[in-house]
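Please read the structure below before turning to the comments.
Nothing in this text is a laboratory measurement; each read-out follows from the coordinates by a stated rule. For clarity, every value in this text was computed on a predicted model and none was experimentally measured. Counting neighbours? That spans all protein chains shown, and the Cβs are built from the backbone with ideal geometry, glycine included.
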Amino acid sequence: MEISLTVNGDTQSADVEPRTLLVHFLRDQLGLTGTNIGCDTSSCGACTILVDGQSAKSCNLLAVQADGAEITTIEGLAGADGLHPMQQAFHESHALQCGYCTPGMVMASISLVEEYPNLDADGVREGLEGNLCRCTGYQNIVKAVLSVKK
Amino acid sequence: MTVTDNPTGGIIGQARLRKEDPALLTGEAKFMDDLVLPGALWVNCVRSPHAHATIDNIDTTAALAVEGVTAVYTGADLAEDWAGPLPCAWPVTDDMKSPDYWPVAQGKVCHVGDIVAVVVADSRYVAADGAEGVVVDYSLLPAVISIEDAESDQVVIHEGLGTNVSYEWPLIPDPEGVEAAFANATHHVTETYVHQRLIPAPMEPRGVAAVPAPHNGDMILYSSTQIPHILKVMAALTVGIPEHKMRVIAPAVGGGFGCKLGVYPEEILCLALAVRHGVPVRWTEGRTEAATATIQGRAQRQTIELAADENGKLLAVRATLLADMGAYFQLITPGVPLLGAFLFHGLYDVPLYSFTCKSVFTNLTPTDAYRGAGRPEATYAIERAMDVLALAVGVEPDEIRSLNFIPTEKFPYDSPAGLVFDSGDYQPALDRAKELINWEERRAEQAERQAAGSKMHLGLGISTYVEMCGLAPSRVLASLNYGAGGWESATVRILPTCKIQVVTGATPHGQGHETAWSMIVADRLGVDPDDVEVLHSDTAISPLGLDTYGSRSLSVGGTAIWMATERVVEKASLIAAHMLEANADDLELTNGVFNVKGTPGAEVPLAEVAFAAFTAHDLPEGLEPNLQAEVTWDPPNFTFPFGAHIALVEIDEETGEVEIIDYAAVDDCGNQVNPMIVEGQVHGGIVQGIGQALWEEAIYDEDGQCRSTNLGDYLVPSAAETIDMKLDYTVTPSPTNPLGVKGIGEAGTIASTPAVMNAVVDALRHLGVTEMAMPASPMRVRRSIENAQGGAV
Ligand code: FES
Ligand code: FES
């Protein structure tokens, strides 16, 4: 099937098998491998991207469902002026170790802060419940997200 | 030239941000599945849905008919492709029983997830379609699930072995002494604990690709592995590829926690299939697949006995284990209980010690190292039992510990199990942890709630710990029958423009080696850490190494880096002395400049020395050009980090829900290179250990079916259940390495599980609850309360 969508500001048209997951389309067809896959039951959040500004698990969508959508992946955040403030905050708070959960965690955090600018630590923890990290114990992730918010 | 014994440059000890981060934060880092390999074939593994069965027939017709499927192989088809079965590097006893473990099962399957056939296709989707089409007929055999059933030998899994018992391993230096101590003890505590099976669950599942060069015989194996160096040797032997033709590369690795410390069927399979097909062959594990295809951790039943005098002073400790190996041996499966064998007396001064382990096969996924490997198990047993002893003696849990700590003046301490503990000062860590948690106030609050009849119960749980890290002195490994050494190698190279290249054999998978190693080298050379590049994880670039596990990287690999740096400085000082017409012994290197001690102005920057070493126009007679040094460091002893953790939990009697309210951790890992990285390791470790205490369990039914195959059923902690922890440190340097470091990768996981479980029992003790199995799920907590109260709640 023909689809056409905007990914990180670029218009993309492609022919996809109807069963292709959005995450595989992004990774295998567009070469945007920053979005990771950590499970097959939509439980881990490693594949989180922004679809029309909202965070979404890209393993839980078909590529064809993204026809016409505006997508941002981790590759679309940093610009000529450096890292996105959320990326910078993760760096400064040591909120990543192996980094596998990180792209999804950063995308989810951006959308969380956007939607609920006044969250406290508990709110951040609740808001990130769908994004698992096995390395950091979350404390520094929460710290990073809170530091961006203010 | 004076060689300093201690780090002095001021960079070691700084909380420096990590140089690994930008690539990981932007998606630039390449993990296994990110690799683009033109022309690669994809593998999908057809796995047994049964725990124990004979394979009667495999029909591949439908699979081969799928468009895009290149080939389908069964165990019989590939039987000639292996030079030997999958390797086990740790035959712990000479008479250990070890079944053959083939990459694809031959004739019978021994656990759910055992590979019975492989489909090779031109895409991952088509390979999966093909796998759907493989029809396997099985005849079911009775499955051996519990270790008790396994021990009984009523059903023998590997007929050729004649028994399910693989080995018995005793460590009893003075059997009569132990008997006498128990006979004379005032207090004799006997406790039995079960460590449930755990699924390691790094966020990145495993993945492999084998890339052949059929005409010149080279082979590159990419794998999401912790151990490219060990894998290279083992895989070369197993497939029969000459070692010098094999190169192993670990790309960015998304966590390991021990489960990527193996030589797996899929690695060997991809190699063999790449040889057969002459093109790249790759496989990426699915999360559900990982639940039974990747090793699991813990899985042992332990009985621990304490003999103590009337005051609670320990006289002897006796531990007896029954350990679940799973269906086969992975790389170090049989050795995991031995890594805890020496530590069942914890950090207590005990004259007499007895340890015995019996290990059995079951029809479950093989077990192997999981964060802490053996040491969390040992610590759990002694720390839970110490609380029981405290109760018997009638003192507080902190008092029983203080009474029994190895006194500081006894270090280096000859342990009753035969180790020499390098250094320790245990009381300050416990005092500080009590301060952080507000011990006295919390105790008072707990009593108030109990007096008021509150249904929200508070519990305080302590775990002190010592671990043995820095695996390992090669000689000690030899005495344990381990098949390799424990050294680590490092190369430090000063390039012509005074940029530094460091090559390490310690392979990182999230720990931050690049940052830490740069700091060690920069500290000594007086250069900017950003001018140091750390190369690793590719056996063509770093040919020698023993990789990352057992909190060894800093104390073994980091020491090698430090020593190689020293050696480069020694050589550079000869050139500098030549340039300054001075004596090398009179030079010192500070802030990147060699100067003649006591002679202001007589100096030459390291950068000029580096360039002189490169041009080689005017070097001292007999000195080779260039500045580089390689060191292989074999540590003389383990290191023994320690600490004290205290958990405060609140339990809702109505729902059985356990909530962590507060957590204090005081760890001592000796000198710290980068405190920020230390803190991160402690955070992650604590949460992982809390996971075992409260939520995580690989659940199997009586047929050996895993009921927790995905992250919805296997409860890896999320941000919502965890809290901010209070951390502090004491610093007791290790005298066994020049950096004075000990290791911190596993400490949190070792300490937090017993701390939380002690807190859970402490919260419910006044209700009559004396014991709780892990994980302390709401259902289990409710049931314990009901049982304690005769079903009256
Ligand atoms: S990959 Fe786990 S939620 Fe999408
Ligand atoms: S940093 Fe490794 S999983 Fe989050």
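List of remarks:
- Residue list for region A:13-36, restricted to those being farther than 15 Å from B:Asp33 by Cα, polar (S, T, N, Q) and either in a loop (DSSP other than H, G, I, E, B) or within 15 Å of ligand 1 (Cβ to nearest atom) (or both): A:Thr20
- Index of the failed condition, B:Ile400 passing every other in (1) surrounded by fewer than 24 Cβ atoms within 10 Å (Cβ to Cβ); (2) assigned to a helix (DSSP H, G or I): (1)
- Residues being closer than 17 Å to B:Val534 by Cα and surrounded by 21 or more Cβ atoms within 10 Å (Cβ to Cβ) - total across region B:482-504: 10
- Checked against (1) touching a Lys or Arg at 6+ places or on another chain (Cβ under 7 Å); (2) at the interface with chain A (Cβ under 7 Å from one of its Cβ atoms); (3) not in a helix (DSSP H, G or I), B:Ala720 passes all but condition (3).
- The set of residues from region B:180-225 being within 16 Å of ligand 1 (Cβ to nearest atom), small (Gly, Ala, Ser) and within 22 Å of B:Leu271 (Cβ to Cβ) comprises B:Gly207, B:Ser224.
- Residue match in region B:334-346 (condition: surrounded by 21 or more Cβ atoms within 10 Å (Cβ to Cβ) and over 20 Å from the mean Cα position of the chain (by Cα)): yes
- When A:Ile74 is tested against the conditions (1) within 16 Å of ligand 2 (Cβ to nearest atom); (2) more than 9 Å from the chain's Cα centre (by Cα); (3) closer than 18 Å to B:Lys30 by Cα, the lone failure is (2).
- Lone qualifier among B:Gly505, B:Gly545, B:Gly510 - being within 30 Å of B:Val263 (Cβ to Cβ), within 16 Å of ligand 2 (Cβ to nearest atom) and not acidic (Asp, Glu): B:Gly510
- Note on region B:217-257: residues that are assigned to a loop (DSSP other than H, G, I, E, B), within 14 Å of chain A (Cβ to nearest Cβ) and surrounded by fewer than 23 Cβ atoms within 10 Å (Cβ to Cβ) amount to 1.
- Test: residue in region A:37-60 that is part of a helix (DSSP H, G or I) and either more than 7 Å from chain B (Cβ to nearest Cβ) or β-branched (Val, Ile, Thr) (or both): no
- Residues in region B:753-782 that are closer than 22 Å to B:Ile699 by Cα, buried (at least 17 other Cβ atoms within 10 Å of the Cβ) and not basic (Lys, Arg): B:Thr753, B:Pro754, B:Val756, B:Met757, B:Val760, B:Met772, B:Met774, B:Pro775, B:Ala776, B:Ser777, B:Val781.
- Here is the figure for region A:83-105: residues that are touching a strand residue (DSSP E or B) at 6+ places or on another chain (Cβ under 9 Å) and within 16 Å of ligand 2 (Cβ to nearest atom) total 6.
- Residues within region B:783-792 that are in a loop (DSSP other than H, G, I, E, B) and either touching a residue at least 12 places away in the same chain (Cβ under 8 Å) or surrounded by 21 or more Cβ atoms within 10 Å (Cβ to Cβ) (or both), tallied: 1
- The condition of being out of contact with any helix residue (DSSP H, G or I) (no Cβ under 8 Å at 6 or more places or on another chain), more than 12 Å from every other protein chain (Cβ to nearest Cβ), closer than 22 Å to A:Leu112 by Cβ and more than 16 Å from ligand 2 (Cβ to nearest atom) does not hold for A:Ala80.
- Any pair with Cβ under 8 angstrom, 6 or more apart, that starts in region B:18-29 at a residue that is farther than 20 Å from B:Asn674 by Cβ and facing chain A (nearest Cβ under 7 Å) and ends at one that is part of a loop (DSSP other than H, G, I, E, B) and among the hydrophobic types (A, V, I, L, M, F, W, C): B:Thr26/A:Leu77; B:Thr26/A:Ala78; B:Thr26/A:Leu83; B:Gly27/A:Leu32
- Residue count, region A:55-64 (criterion: in contact (Cβ under 8 Å) with a residue 60 or more places away in the chain and either among the small types (Gly, Ala, Ser) or more than 6 Å from ligand 1 (Cβ to nearest atom) (or both)): 2
- Scanning region A:34-55 for residues that are away from ligand 2 (no atom under 16 Å from the Cβ) and under 18 Å from A:Glu70 (Cα atoms) gives A:Ile49, A:Leu50, A:Val51, A:Asp52, A:Gly53, A:Gln54, A:Ser55.
- Of all residues making up region A:37-54, the number that are more than 7 Å from ligand 1 (Cβ to nearest atom) and within 21 Å of B:Lys30 (Cβ to Cβ): 2
- Of the strands (runs of 3 or more DSSP E) entirely within region B:271-360, those holding at least 3 residues that are within 30 Å of B:Ala385 (Cβ to Cβ), away from chain A (no Cβ under 14 Å) and not basic (Lys, Arg) occupy B:297-308, B:314-326.
- Answer residue from region A:111-150, given it is outside any loop (DSSP other than H, G, I, E, B) and crowded, with 23+ Cβ neighbours inside 10 Å and is nearest to ligand 1 (Cβ to nearest atom) among those: A:Ile141
- Any hit, region B:65-73, residues being exposed (fewer than 15 other Cβ atoms within 10 Å of the Cβ) and aliphatic (A, V, I, L, M): yes
- Among the residues of region B:380-401, the ones that are closer than 12 Å to B:Thr464 by Cβ and in contact with a Leu (Cβ under 7 Å, 6 or more places away or on another chain) come to 3 in all.
- Residue within region A:94-103 that is over 23 Å from B:Lys726 (Cα atoms), in a helix (DSSP H, G or I) and at the interface with chain B (Cβ under 8 Å from one of its Cβ atoms) present: yes
- Within region A:109-136, the residues that satisfy the criterion of being among the hydrophobic types (A, V, I, L, M, F, W, C) and either touching a helix residue (DSSP H, G or I) at 6+ places or on another chain (Cβ under 6 Å) or at the interface with chain B (Cβ under 10 Å from one of its Cβ atoms) (or both) are A:Ile110, A:Leu112, A:Val113, A:Ala121, A:Val124, A:Leu128, A:Leu132, A:Cys133, A:Cys135.
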